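No value in this document is a laboratory result; all are computed from the given coordinates. It should be emphasised that the depicted structure is a prediction, and the values quoted were computed from it without experimental measurement. Here the Cβ positions follow ideal geometry from the backbone for every residue, glycine too, while neighbour counts run over all protein chains shown.
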């Protein structure tokens, strides 16, 4: 991995501007050295209407470019495997595997495209649809607000990405949707650039 580069002076809570472009490019270069990711997941879904929080745990595996395995183990089992233009998902309730051609489903394609940018550190690409505020540079905390003339703002109110102190990957992602619900995804025991077992790309009967 790239040696941790020296950060520029800290700007807290400043809207992204040209002066931050080189800093953001450096952050993206650090992310670009990561080819595989394996991590445990903790997802907290805070439901505004019911004033309750649903906690789900599982794991994730990514291999650039274009491969993603997302699994929940508790309290329900669910698996999503994406490999190029094909996605397969399995859930405990139906116990069936559904195959989706991502290029032919515009909504699914948009959602997956967003997630890939969040996880891969392609932050510059997000500026087409979001306004970025750099809440912190050490460690980096990036706040994205969807632009009012885009499609994303109909679904997402605010996206906040917390980067690990070593600048190598995402530590936590917080998504506040248009309805007021909040989803917080925390990456735990993250392993970078290690070989991913072939079994991670399979959908088993156990999900």
Once R0 is set to 35 Å, what does the formula 1/(1 + (r/R0)^6) return for the Cβ-Cβ distance between residue 86 and residue 149, expressed as a FRET efficiency to the nearest 0.05? 0.60
Classify region 19-200 as rounded, prolate or oblate from the Cα gyration tensor: take a ≥ b ≥ c as the square roots of its eigenvalues, call it rounded if a/c is under 1.5, otherwise prolate when a/b beats b/c and oblate if not. rounded
I need 132, 127 ordered by Cβ neighbour count within 10 Å, fewest first. 127, 132
The residues 21, 124, 174, sorted from fewest to most surrounding Cβ atoms within 10 Å, come out as 21, 124, 174
Based on alpha-carbon centroids, what's the gap between region 52-91 and region 20-50 in Å, whole number please? 16
Quick one: grab the alpha carbon gyration tensor of region 21-114, order the square roots of its eigenvalues as a ≥ b ≥ c, and give me rounded if a/c is under 1.5, else prolate or oblate depending on whether a/b is larger than b/c. oblate
The chain: relative contact order in percent, alpha carbon pairs under 8 Å with at least 6 residues between: 25
For the chain, take the longest principal axis of its alpha carbons; what is the angle in degrees between that and the long axis of helix 106-120, to the nearest 10 within 0 to 90? 60
For region 117-147 and region 169-204, compute the distance between their C-alpha centroids and round to whole Å. 17
Zone residues, region 28-47, relative to residue 64, backbone N less than 12 Å from point 7 Å out along Cα-to-Cβ: 28-37
Largest fluctuation, 145, 115, 82 only, Gaussian network model of the chain with Cα springs under 10 angstrom, belongs to 115
The chain - mean residue ellipticity at 222 nm from DSSP helices (-39,500 (n - 2.57) per run, n ≥ 4, rounded to 500): -4500 deg cm²/dmol
